[in-house]
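Data first, discussion second: the structure below is written as C-alpha cells.
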C-alpha cells in the first residue's frame, strides 16, 4: 500500500510539472491522471473504502 501511495504522489508531481511547462502535453497529462486515479481506486479497495454495495447501481441491495 505504501508503494501505491508513493506512486500516486509521484504521478501528482509529474502532472503538476507537465502543466507548468509552456506547452503541456495534454495526452501525457490524461494518461498520468488515469494512472493516478487507478492508484487511488486500488488504495480505496485495499482500505475498505470502496463504494458500498447499496450505492452500486450494478448490484442489488442486500436484504
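The values are calculated or read from the model by the stated rules, or taken from the named source; none is laboratory data. This one's a predicted model, so the numbers in the text were calculated from it and none came from an experiment. Counting neighbours? That spans all protein chains shown, and the Cβs are built from the backbone with ideal geometry, glycine included.
With respect to (1) out of contact with any helix residue (DSSP H, G or I) (no Cβ under 7 Å at 6 or more places or on another chain); (2) in a loop (DSSP other than H, G, I, E, B); (3) modelled with pLDDT of 90 or more, the lone exception for residue 63 is condition (3). Can you tell me which residue in region 23-37 is surrounded by the most Cβ atoms within 10 Å (Cβ to Cβ), limited to those that are over 10 Å from the mean Cα position of the chain (by Cα) and in a helix (DSSP H, G or I)? Ranking the candidates gives 29 first. Across region 1-17, the number of residues qualifying as surrounded by fewer than 14 Cβ atoms within 10 Å (Cβ to Cβ) and in a helix (DSSP H, G or I) comes to 8.
From the list 20, 45, the one residue that fits, being modelled with pLDDT of 95 or more, out of contact with any strand residue (DSSP E or B) (no Cβ under 9 Å at 6 or more places or on another chain) and surrounded by fewer than 14 Cβ atoms within 10 Å (Cβ to Cβ), is 20.
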